[in-house]
Amino acid sequence: MGFSSTRCHPTVARPERGSTITLSRRGFATAVSGLGFEVAIDSQPCLSVAVISNTQLTCKVPPGSVARLEIALTPVVEVTYGGGRTPLVYEIKLATQTVEGFSYTGPTIDRVDPTELPTSGGRLTLFGSSLGAGSVSVTASNALKCRVVSSSVDHVVVAVGPGTGARRSLTLRNRAGLSKAYFSYAAPSIAKIDTNGFAEYSTWPRNDTFTPSRA
C-alpha cells in the first residue's frame, strides 16, 4: 500500500479529552476499497479519526495522564460480501505501526485557596491545569495529614490536618508528573487572659498574636 514511517504532531497534549493530533505519513489515501484506520493511545481509542490527505490523518486523543506513550496506528479494511438487505461485512486488521514519544502534559498548580489555614487544619483547593486526570495524590510536608477530597482536571480539593508554621508544601502527583504549592498556618491568637483578679494585669491587650519559637 505504499505506507511509510509515521510522525505525530504535536507530541504533547492536554490530558482532557478533545485535543487533536495529526499523524503524517504517505499512504493514507489509497485505491484500496474500504480502507480505514484505527488509532489508540495507551490502549484507549482515539475519536473522530479522519483522513485529511494521502499524507495526513487527524484524531482526537482520549483523556489520560501519562508521559512517553506509544500511539498505535492500525489499517482496517472493510470487506462486504453479498447484496440485498443483509450483506456480510468483515473487518480485516492489518499490521499495527507504533509511534513513540507522545505524552500528556504534566500537572501545574497555579494557586491555592485559601493560602492560610487555622492551626486546627481545614480544606484547601488547588487550582491549575492537568491536575486530577487519572489517579492523583497529594502529600504535605512535615508529615502533616493530607487527603484528596475531590479532583478534576482544573482543581483538586484536599483536607489538611492540624499544624503550625509558614510555607508548608503540598506535592500533587499524577501519572504524568508532579507539581508543588505552598500554604501557611495562621499564628495562634490570644482571645482572653484570666488575670485571676490581679489589678496590674487588667489592661492586658486582647487578640494579640504570637509566633511559636518552633514552627
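Taken together, the values in this text are just the output of simple stated rules run on the coordinates, not laboratory data. Not measured: the values here are computed from a predicted model.
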**Q.** Gyration tensor (alpha-carbon) shape descriptor, segment 108-201, a/c threshold 1.5
**A.** prolate
(Q) Binning at 10 angstrom from zero up to the longest distance, how are the C-alpha pair distances of segment 7-104 distributed in percent? (A) 16, 45, 26, 11, 3
